[in-house]
Amino acid sequence: MILGDLGAEVIKVERPDTGDDTRSWGPPFCGTESAYFLSVNRNKKSIAVNLKDPNGAKIIKQLAEKSDVLVENYLPGKLDEMGLGYHHLKDSSPHLIYCSVTGYGSDGPYAKRAGYDVIAAAMGGLLHITGPEDGDPVRVGVAMTDLATGLMAHGAIMAALLQRHRTGTGQHIDCNLLSTQVACISHIAANYLMAGQEARRWGTGHESIVPYQAFKTSDGHLIVGAGNNNLFKTLCKVLELDHLADDPLYTSNQLRVENRKQLIATLAERFSEKTTDEWFAAFEGSGFPYGPINNMEQVFSNPQVLHNKMILEMDHPGAGTVRVPGPAVKYTGSERETHLPPPTLGQHTAEVLGNLLQYTEKEMQDLSKIGAIRIQDS
């Protein structure tokens with residue numbers, strides 16, 4: 001989707017019978033499509049092709065010859081069985097950048113296992129460090145491992161395109177959920193690998209920075225982060241607890257981490273004495289990092305979110321006006337002005353086969369009759 005936002009023509013290949021699984025991941029539904037599917041499929045054209053039919057596999061080979069990039073997320077070996085693996089396509093399409101996105105990698109002891117975001121997040125340590133300090137592991141509310149793997153794949157594809165510009169040849173890219181998650185554990189992993197320190201859950205708190213967490217106010221919550229000594233002094237000043245800044249127990253971050261329990265208790269008591277809005281007013285203009293814990297209504301009415309134009313509206317043929325989070329990155333002089341709405345199943349089969357691959361109407365009708373493709377009724 002990010003590549004589509006950047007202007008790439010993206011052709012999404014789906015099963016003719018049910019299409020992408022996420023089309024049914026609801027409620028909520030908008031028309032016949034799930035909000036989930038609509039949220040991550042803008043700027044894509046949908047063609048419905050049965051890859052298990054030799055005629056369908058032939059279409060993919062023909063598309064590979066005319067495409068810059070192929071992205072697939074099958075279990076390792078499945079596309080090889082259909083004659084569509086990288087080694088099958090690179091001879092006829094040496095320019096092709098072939099990006100595989102799998103659960104655990106293209107080889108190794110877990111390569112043949114099915115993988116979902118939450119499984120990789122659990123295996124990669126994210127669930128172990130997420131949740132209440134004295135509670136059970138908690139799944140992150142959004143599929144962050146999936147999203148991070150998509151970002152990894154996007155960056156890898158862009159780098160491979162630059163490499164091809166220099167060499168004229170494509171390559172195979174191997175992205176997987178587990179490796180992405182392990183890489184994203186970052187300093188928590190380093191704490192273990194270099195210091196032998198096992199990770200634990202800290203709720204909204206931070207293992208190595210104090211204070212850096214949410215606090216209850218008299219009517220809600222707010223979150224603060226004191227990443228250095230000067231910010232801690234500012235926090236103490238705003239809270240009218242200036243004596244804490246000079247307390248020998250708290251004069252460095254290391255000391256604040258070591259004496260976390262008593263410091264957090266003191267701060268929590270002070271934060272509970274005023275409303276969230278009263279604290280926001282006190283922090284405004286201080287230069288100290290603070291913020292609310294917003295629900296979705298508050299997120300999409302936030303003045304900065306609105307200023308950043310983070311709500312994207314598109315007209316969908318079956319769902320009406322679709323509103324989704326827009327692209328996070330803005331560019332000077334190259335902003336995409338219009339976006340294709342998420343496609344209906346097989347919406348572009350005839351267009352792609354006819355215009356790009358030069359199939360005749362009769363050829364497409366014949367393929368449709370035998371179930372090799374699905375053509376959307378006009």
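The values are calculated or read from the model by the stated rules, or taken from the named source; none is laboratory data. Remember, predicted model here, so these are calculated numbers, not experimental data. Cβ atoms come from the backbone with ideal geometry, glycine included; neighbour counts cover every protein chain shown. Remember, those area values only see protein heavy atoms, side chains included, never the ligands or the DNA or RNA. Shrake-Rupley method; radii C 1.70, N 1.55, O 1.52, S 1.80 Å.
List of remarks:
- Between the Cα long axis of helix 186-195 and the first principal axis of the chain there is an angle of about 70°, rounded to the nearest 10.
- Links that overshoot a 30 Å alpha carbon limit, given the list Lys45/Lys78; Lys216/Lys330; Lys274/Lys309; Lys61/Lys112; Lys237/Lys309; Lys90/Lys112: Lys216/Lys330; Lys274/Lys309; Lys237/Lys309
- At R0 = 41 Å, FRET efficiency that the Cβ-Cβ distance of Ser24 and Ala268 yields, to 0.05: 0.40
- Taking GluC sites (Glu not before Pro) across the stretch 278-378, the ones in a DSSP loop with at most 11 further Cβ atoms lying within 10 angstrom of their Cβ are Glu284, Glu335, Glu337.
- Per residue, the chain exposes 56 Å² of accessible surface when a 1.4 Å probe is rolled over the protein heavy atoms with every protein chain present.
- Residues in the stretch 185-216 reached by a label modelled at Leu255 [backbone nitrogen below 11 Å; 7 Å Cα→Cβ]: none
- In this structure, the amide hydrogen of Cys30, modeled 1.01 Å from its nitrogen in the peptide plane, lies closer than 5 angstrom to those of Ala35, counting only residues at least 5 positions away or on a different chain.
- Segment Asp277..Asp315, full-extension length gain: 9.9 nm, with 0.36 nm per residue of separation and the alpha-carbon distance subtracted.
- Carbon plus sulfur fraction of accessible area for the chain, probe 1.4 Å, in percent: 54 percent
- Simple spin-label estimate for Ile129 and Asn230 gives 2.8 nm between the two label positions (7 Å along the Cα-to-Cβ direction from each Cα).
- In this simple spin-label approximation, Tyr290 and Asn355 carry label points 7 Å from Cα along the Cα→Cβ vector, and these lie 5.4 nm apart.
- Accessible surface for His307 stands near 130 Å², nearest 10, in the context of the full protein assembly shown (1.4 Å probe).
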